Amino acid sequence: MASCDKRIKIALQKSGRLADHSLDLLERCGLKFTKSKDQLFCYGENMPVDLLLVRDDDIPGLVSDDVCDLGIAGMNVIQEKRLQLEKQGKAAQFEKVYALDFGHCRLAIATQGDTDYTGSQSLQNMRIATSYTATLEQFLREQNVIAEIVYFSGAVEIAPRLGVADFICDLVSTGSTLAANDLTEVQTVFESEAVIIQTLEPLSAAKQKWVDRILQRLGGVLQVRESKYIMLHAPRSALREIVRLLPGAESPTVIPLEGDGDRVAVHAVCHEAVFWETLENLKSIGASSLLVLPVEKMLA
Ligand code: ATP
Ligand code: ZN
């Protein structure tokens, strides 16, 4: 049990689409790691935090079984695991903490170019190949459709060509794999992105402190991605309008300008992208000396 161990364990994908992004995110939280020789384990050098590098499909189970305290995986595998556990009459022992804004994809139904599709009723009595049986089952149930689900552990896209399925239900991002297999996407089943999940098992006070600290830093890293620090000079009379135009800004700092009673300096953190149009609009109501700077770190 992870909770008996004093060090935090985080499960990440060993190699694949999520691996680099997941590690990079933790490194940006200030964690430093040394990889073990077999490349399955990363030892945290500056915090009691270790990484377990595994197949992405195993991550929800490792967190639910309390082998790991945290895990980063696609919402698609998290949802599939949750539904599989529900089918066995069990509840998943993890919760999502943050969506991480990478690994965007969708679980979608596709078919060969010449098949007519006019809505989910077109799936009635059809055979659908997928690795995501529980998620597809739930979708079909919601749509009141009865269809045969053919389980494929990988290479789902070849099922129609093999004549073992009429449709496939698989992950898509750009659609290039579908196109290469002469398949057309007809229906989205589930939208996904990478998320961080946390075990529901209570942790010791010392471990909880570290988990809170990591999650707080992670929240900061996610927030600064879009955030900008904006500085400008403005006439005091335009202050209200200026603040209204600043995208997602919290109460800005207003500083008097030496020797200029009418104008002030305004500093603010904007939590949304600052576009050229915003700067032009600010300028048109009297702002000058506009500066937009990236934010490196933030702690709320
Ligand atoms: P593993 O060996 O870890 O099981 P895998 O082949 O299942 O690897 P990847 O193809 O690396 O996994 O995909 C990992 C995750 O990346 C997916 O579960 C999904 O959340 C996300 N993802 C983003 N875009 C795509 C895509 N086009 N196809 C598949 N997965 C995608
Ligand atoms: Zn996988």
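Read-outs throughout are calculated quantities, based only on the coordinates presented, and are distinct from any laboratory measurement. Since the model is a prediction, treat every value here as computed from it, not as a measurement. Cβ placement follows ideal geometry from the backbone for every residue including glycine, while neighbour counts extend to all protein chains displayed.
When peptides 135-144, 122-131 are ranked by their average number of other Cβ atoms within 10 Å per residue, the highest-first order is 122-131, 135-144. Rounded to the nearest 500, the helix-only mean residue ellipticity at 222 nm of the chain stands at -8000 deg cm²/dmol, with each DSSP H run of n ≥ 4 adding -39,500 (n - 2.57).
Nearest 10 degrees, 0 to 90: what angle lies between the long axis of helix 205-224 and the longest principal axis of the chain (Cα atoms)? On a 0 to 90 degree scale, this one is about 70.
Net length available on complete extension from Val97 to Asp65 is 9.8 nm, with 0.36 nm assigned per residue and the Cα-Cα distance removed.
If R0 is taken as 30 Å, the Cβ-Cβ distance between Val243 and Met298 corresponds to a FRET efficiency of 0.90. Convex hull volume of the Cα atoms of the range 105-191, normalised per residue: 82 Å³.
What distance in nm lies between label points placed 7 Å from Cα along the C-beta direction at Ser288 and Lys32? Computed distance between label sites Ser288 and Lys32 equals 4.7 nm.
Got the relative contact order for the range 105-191 handy, in percent, Cα pairs under 8 Å and 6 or more residues apart? Answer for the range 105-191 is 49 percent. Amide H contacts under 5 Å for Glu272: Lys228, restricted to partners 5 or more places along the chain or on a different chain, H placed in the peptide plane at 1.01 Å from N. For Cys42, the shell of other residues with beta-carbons less than 10 Å away shows a net charge of 0, using +1 for Lys and Arg and -1 for Asp and Glu. Each part reduced to its alpha carbon centroid, the range 194-233 and the range 98-133 end up 34 Å apart.
When the charge dipole of the chain is built from unit charges on Cβ atoms (+1 for Lys and Arg, -1 for Asp and Glu) and taken about the Cα centre, the candidate among Leu85, Asn144, Val189 whose Cα reaches farthest toward its positive end is Leu85. Pairs over the 25 Å Cα-Cα cut-off, from the set Lys32/Lys90; Lys37/Lys297; Lys9/Lys37; Lys9/Lys96; Lys14/Lys90; Lys96/Lys207: Lys32/Lys90; Lys37/Lys297; Lys14/Lys90. Each peptide in 13-24, 52-63 gets a packing score, the mean of other Cβ atoms within 10 Å over its residues, and the list from highest to lowest is 52-63, 13-24. Need one number: nm distance between label points at Phe41 and Ser204, each 7 Å from Cα along Cα→Cβ, rounded to one decimal. Inter-label distance under the simple model: 1.8 nm.
Counted by Cβ distance under 14 Å from Ala134, the other residues give a net charge of 0, where Lys and Arg count +1 and Asp and Glu count -1. At an R0 of 51 angstrom, the distance between the Cβ atoms of Glu277 and Thr184 translates into a FRET efficiency of 0.85. With a Förster radius of 30 Å applied to the beta-carbon distance between Glu86 and Ser176, the computed FRET efficiency rounds to 0.35. Sorted ascending by nearby beta carbons within 10 Å, beginning with the fewest, Tyr117, Tyr132 become Tyr117, Tyr132.
Couplings 3J(HN,Hα) of the range 48-55, computed from phi: x, 9, 10, 10, 10, 9, 9, 5 Hz, in residue order, whole Hz [Karplus 6.51 cos²θ - 1.76 cosθ + 1.60, θ = phi - 60°; x for Gly and Pro]. Using only Cα atoms, locate the centre of the range 1-59 and the centre of the range 144-185, then give the distance between them in Å, rounded to an integer. Their Cα centres are 33 Å away from one another.
Over all Cα atoms in the chain, the spread is summed up by Rg and Dmax: 24.8, 81 Å.
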